[in-house]
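The values are calculated or read from the model by the stated rules, or taken from the named source; none is laboratory data. The structure presented is a predicted model; accordingly, all values stated were derived computationally and were not measured. Cβ sites come from the backbone with ideal geometry, for glycine too, and all protein chains shown count toward neighbours.
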């Protein structure tokens with residue numbers, strides 16, 4: 001995302017989709033698990049600091065699947081963006097939860113309670129349900145989210161049923 005040609009191409013796509021009122025799904029696929037913050041800052045600076053109305057969904061909460069420190073760093077940078085940037089008012093930004101909570105151990109895995117803290121800090125209005133089908137079924141993943149994140153029933157129900165095309 002650092003080179004000018006890539007930035008220009010992505011910007012053109014984002015402008016086109018914004019003009020057509022089409023949401024954008026971003027799959028950042030962070031492979032450097034130490035640089036979630038840097039990736040998020042770069043995306044915000046290069047693509048969100050404009051007045052274009054935009055709906056963006058970040059797959060896997062902005063990470064690469066699984067729950068790593070880098071995932072939380074991405075969320076932290078967006079929390080700062082929401083609270084401090086004049087450009088955030090024109091953006092409907094969501095983080096979908098698929099693949100963030102896994103029922104297995106893996107290197108670098110952090111506690112699900114850290115994601116729960118970020119959801120509370122940022123507000124659950126920024127989070128969407130996603131199952132990552134066919135890797136897991138919706139029912140199984142809802143059960144896992146309920147167990148691991150320990151969200152209250154109303155919050156979980158809101159996340160599960162959120163429709164980004166219905167503006168409140």
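Tell me the residue from 48, 25, 14 that is in contact with a strand residue (DSSP E or B) (Cβ under 8 Å, 6 or more places away or on another chain) and loosely packed, with under 15 Cβ neighbours inside 10 Å, please. Working first, answer last.
Working: 48 fails: loosely packed, with under 15 Cβ neighbours inside 10 Å; 14 fails: loosely packed, with under 15 Cβ neighbours inside 10 Å.
Just a single option satisfies the conditions, and that option is 25.
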From the option list 92, 132, single residue qualifying as in a loop (DSSP other than H, G, I, E, B), surrounded by 11 or more Cβ atoms within 10 Å (Cβ to Cβ) and in contact (Cβ under 8 Å) with a residue 24 or more places away in the chain is 132
Please go through the range 102-127 and pick out each residue that is surrounded by fewer than 20 Cβ atoms within 10 Å (Cβ to Cβ) and not in a helix (DSSP H, G or I). 102, 103, 104, 105, 106, 107, 108, 109, 110, 111, 123
Of the residues in the range 1-55, how many are assigned to a loop (DSSP other than H, G, I, E, B), modelled with pLDDT under 90 and within 14 Å of the chain's Cα centre (by Cα)? 4
Residues within the range 95-115 that are touching a residue at least 24 places away in the same chain (Cβ under 8 Å) and closer than 21 Å to residue 139 by Cβ, tallied: 10
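For (1) more than 18 Å from the chain's Cα centre (by Cα); (2) at pLDDT 85 or above, each residue gets a yes or a no:
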| residue | (1), (2) |
| --- | --- |
| 128 | no, yes |
| 140 | yes, yes |
| 143 | yes, yes |
| 154 | yes, yes |
| 161 | no, yes |
| 166 | yes, no |
